[in-house]
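Chemist: Mind having a look at this structure? Questions to follow.
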Amino acid sequence: MVKRKARKHSSEPAKRRHHKAAGAAKAKNKDPIIITAAAAGPAPERLLNRELSLLAFNERVLAMAARATIPLAERLRFLCIVSSNLDEFFEVRLSDLIDEMREDAGFQPGAARWNEFALISERAHRLVDSQYALFNDVVMPALSRQNIVVMTHATRTPAQKKWVHEYFEREVRPLLSPIGLDPSHPFPLVMNKALNFICQLEGKDAFGRAPTIAIVKVPRVLPRVIPLPPRLSEGKHAFVMLSSVIRSHLQEIFPGRGVAGFSQFRVTRDSDLSVDEREVSNLRQAMRMELTQRHFGNAVRLEVLRTCPPHLEALLREQFQLPNECVYRVDGPVNLVRLNQLVDHITQPQFRFRPFVPAWPGKLRAASGDGSSMFEAMKQGDILLHHPFQSFEPVIEFLRQAAHDPKVVAIRMTLYRTGTASVLVDLLIDAARRGKEVTVVVELKARFDEEANIDLAERLEQVGAQVVYGVVGLKTHAKLLLVLRREEDEPARGKRRGTLPARLVHYAHLGTGNYHPSTTKLYTDFGMLTADRQLCADVERVFMHLTSLTKVEKLTHLWLAPFTLHKRVLAAIANEAKLAAAGKPGRIIAKMNALVDEATINALYVASQAGVKIDLIIRGACSLRPGVKGLSENISVRSIVGRLLEHHRIYYFRNGGADDVYLSSADWMGRNLFRRIEVAWPVLDAKLKRRVIDEGLRAYLEDNVDAWTLAPGGEYRLSRPRAATKRVSAQRELLLKLAADAGEG
């Protein structure tokens with residue numbers, strides 16, 4: 001049974017905090033310097049609001065689009081990223097509140113939950129208004145000055161209008177099926193995030209009746225950005241939007257009728273599915289059967305043009321049962337995400353980030369394509385990979401050599417996100433065909449990748465690989481790859497090679513990011529190739545747990561969620577507090593995507609009060625309130641938003657000078673710590689430990705270009721280096737230090 005999501009429960013605050021939001025930075029052609037995450041109420045509260053913190057993160061992304069120093073096409077891409085992030089925010093996060101509004105009669109203006117919703121809604125509206133102002137007043141005019149133009153019907157020449165008309169008749173009109181509303185033609189089902197038009201018609205139809213409303217659904221197969229032929233572009237790179245093509249031909253869609261008013265519209269729906277795994281016998285089949293439901297979940301947001309006639313907006317709002325707060329009136333295309341297609345058309349180098357070439361670690365350069373040399377290199381010691389500055393190819397090469405090596409007898413791997421066409425999956429299939437025992441833990445419930453993962457699971461099963469879907473009620477989010485290779489022991493002196501018995505030798509890869517070759521070019525992550533016996537034995541025990549569902553044997557090094565990871569993190573924090581209380585230096589540095597787990601935050605507060613110096617590098621949502629006297633005055637929080645998406649999870653504890661460093665797949669969130677299979681593993685090699693500290697922590701603490709600092713009241717302030725201070729961007733410095741060809745960074 002697959003059903004709409006249940007309310008989320010974790011160690012995160014059961015009762016959400018309510019905060020008063022301050023003004024967002026206006027969209028100007030310069031860096032906004034203050035962004036409010038969640039301002040304090042009458043008395044400072046211990047936790048910041050998670051949803052407001054997520055919106056503040058998107059305001060920081062929007063600030064990247066406002067930077068004049070960033071290439072124009074990339075600024076447009078950042079605008080698109082904000083739209084994509086907001087889609088998920090509504091589909092997954094705000095949908096909880098809106099569902100509650102529908103179900104709870106007490107959810108009315110003046111109630112605490114309503115006030116929280118209204119505050120979040122107000123903040124989201126301001127963000128969207130700033131986004132479109134930046135799009136219309138800054139980015140698109142700047143592109144136009146560089147002869148990259150999007151032509152509207154009003155600005156098209158007669159020749160261009162003729163070409164657009166021919167394109168409409170040839171490519172668009174045959175795919176449109178307008179629906180005139182009447183009792184036998186009810187309002188059609190509208191898919192999640194699809195482009196639609198609502199039209200007010202005049203005159204009578206073919207039967208002498210006068211239905212006045214029609215809906216035009218726009219097929220997703222049509223491109224949203226259409227390049228004009230060079231011969232018609234007057235020396236420019238000219239494009240037209242599909243929405244503009246349809247808008248200029250609405251009259252022709254309804255021959256004999258007049259179009260008195262219209263608007264584009266787009267509906268965002270609740271898309272967070274949950275599965276009652278206790279009630280299904282085959283999770284994969286249940287997920288496939290129900291995935292289509294996602295496109296028609298409860299509406300949570302309605303986007304219309306700012307010029308939409310009020311009565312048409314009211315009709316849509318009533319149809320989708322949404323309050324006025326959930327209607328977003330925009331000044332431009334209702335789906336800026338689709339302008340990624342325009343970014344892809346802009347290929348001139350001066351408008352894009354200069355590409356860089358990720359490097360191979362020196363000890364692996366000779367290993368590529370050299371038989372078993374990857375295994376020999378791993379025997380010499382652990383190998384740390386820092387993506388995307390260093391290439392992900394060594395991981396692929398490791399799996400390729402494992403698939404082809406006759407000495408390899410078994411391969412085990414977790415897959416959370418890997419893409420629709422993955423070389424890693426192809427290699428696993430190849431290994432299975434070669435007779436190796438291949439076991440793959442596929443997470444079918446990886447949000448928005450469910451269908452792709454179902455398909456790859458079926459492909460793997462077809463060649464005889466053993467595919468399992470993790471543990472009931474938990475997502476498998478750990479990134480693990482284990483290879484078992486039958487090797488002979490080194491012969492004793494005077495004996496011929498091969499006379500001693502062979503044994504199974506384990507090799508592993510552990511990562512902080514997904515096995516997705518595309519995102520490894522954009523996300524910052526650490527991965528480690530290791531032949532360490534104890535680490536590999538721990539990885540093997542985790543796989544045994546995932547496949548057999550037996551209790552996990554005691555692990556030597558790994559911290560495993562939902563069993564020990566949270567306890568170990570709290571214990572490590574408490575240990576620093578204990579040391580500080582005894583007059584010894586206490587130090588914690590942690591870097592991750594989000595920090596919202598209340599128990600962890602409270603432990604950090606206690607450590608701060610004991611005198612532990614704590615630096616947190618949190619990319620997105622952060623519920624911890626730093627710098628509050630008597631509570632968190634020894635804690636600083638910063639967020640790095642730059643060209644690349646910050647994605648590492650690193651935990652550092654000084655531990656009396658031992659300098660414990662853990663890499664992990666887990667953020668400090670309830671879902672990671674209690675509702676997922678996650679691992680954290682120690683960096684044991686002293687040189688690699690120093691690399692993680694220098695590259696993953698110190699570089700980001702020194703950043704004064706892409707860093708935003710969280711203030712006690714919830715405001716994020718962009719770092720401003722003093723005039724005599726060197727400008728330091730961690731991402732640029734790491735590109736220059738690690739990449740084979742850093743470009744401009």
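Chemist: Take the stretch 585-600 and flag every residue that is outside any strand (DSSP E or B), open to solvent by 10 Å² or more (accessible area, probe 1.4 Å) and of a type outside the set (Gly, Ala, Ser).
Modeler: Pro585, Asn593, Glu598
Chemist: Which is open to solvent by 50 Å² or more (accessible area, probe 1.4 Å) and at pLDDT 95 or above, of Arg113, Arg123, Arg75, Arg173?
Modeler: Only one candidate passes the filter, namely Arg173.
Chemist: Same structure again: Which one of these does Ala582 not meet: (1) without any contact (Cβ under 8 Å) to a residue 12 or more places away in the chain; (2) under 28 Å from Gly381 (Cβ atoms); (3) among the small types (Gly, Ala, Ser)?
Modeler: Only one criterion is unmet by Ala582, namely (2).
Chemist: Within the stretch 301-408, which helices (runs of 4 or more DSSP H) (wholly inside it) include 3 or more residues that are over 30 Å from Lys689 (Cα atoms) and touching a residue at least 40 places away in the same chain (Cβ under 8 Å)?
Modeler: 310-320, 340-345
Chemist: Looking only at the stretch 177-194, count every residue that is in contact with a strand residue (DSSP E or B) (Cβ under 6 Å, 6 or more places away or on another chain) and open to solvent by less than 40 Å² (accessible area, probe 1.4 Å) and tell me the total.
Modeler: 5
Chemist: Looking at Val327, Val300, Val343, Val304, which one is more than 30 Å from Thr212 (Cα to Cα), open to solvent by less than 50 Å² (accessible area, probe 1.4 Å) and of a type outside the set (Gly, Ala, Ser)?
Modeler: None of the others qualify; the one that does is Val343.
Chemist: Evaluate the stretch 199-206: report whether one residue or more is touching a Ser or Thr at 6+ places or on another chain (Cβ under 6 Å), more than 30 Å from Leu86 (Cα to Cα) and buried (at least 18 other Cβ atoms within 10 Å of the Cβ).
Modeler: Yes; the residues of the stretch 199-206 include at least one that is touching a Ser or Thr at 6+ places or on another chain (Cβ under 6 Å), more than 30 Å from Leu86 (Cα to Cα) and buried (at least 18 other Cβ atoms within 10 Å of the Cβ).
Chemist: Also: Mind checking which pairs have a first residue in the stretch 70-82 that is without any contact (Cβ under 8 Å) to a residue 24 or more places away in the chain and under 12 Å from Leu134 (Cβ atoms) and a second that is open to solvent by less than 10 Å² (accessible area, probe 1.4 Å) and of a type outside the set (D, E, K, R), Cβ under 8 Å, 6 or more apart or different chains?
Modeler: Phe78/Val61; Phe78/Met64; Phe78/Ala65
Chemist: Return the only residue of Leu734, Leu697, Leu738 being in contact with a Pro (Cβ under 9 Å, 6 or more places away or on another chain) and touching a residue at least 40 places away in the same chain (Cβ under 8 Å).
Modeler: Just a single option satisfies the conditions, and that option is Leu738.
Chemist: Confirm whether Arg698 is in a helix (DSSP H, G or I) and modelled with pLDDT of 95 or more.
Modeler: Yes; evaluated as a whole, the condition is true for this residue.
Chemist: Now for a separate question. Identify, by number, the condition in (1) open to solvent by less than 10 Å² (accessible area, probe 1.4 Å); (2) in contact with a strand residue (DSSP E or B) (Cβ under 7 Å, 6 or more places away or on another chain) that Asp382 doesn't meet.
Modeler: (1)
Chemist: Tell me, which strands (runs of 3 or more DSSP E) lie completely within the stretch 603-693 with 3 or more residues that are hydrophobic (A, V, I, L, M, F, W, C) and in contact (Cβ under 8 Å) with a residue 40 or more places away in the chain?
Modeler: Correct list: 676-682.
The values are calculated or read from the model by the stated rules, or taken from the named source; none is laboratory data. Everything quoted here is computed from the prediction, not taken from an experiment. Because the Cβ atoms are built from the backbone with ideal geometry, glycine has one as well, and the counts that use them run over all protein chains shown. With ligands, DNA and RNA removed, areas are computed over all heavy atoms of the protein, side chains included. Shrake-Rupley method; radii C 1.70, N 1.55, O 1.52, S 1.80 Å.
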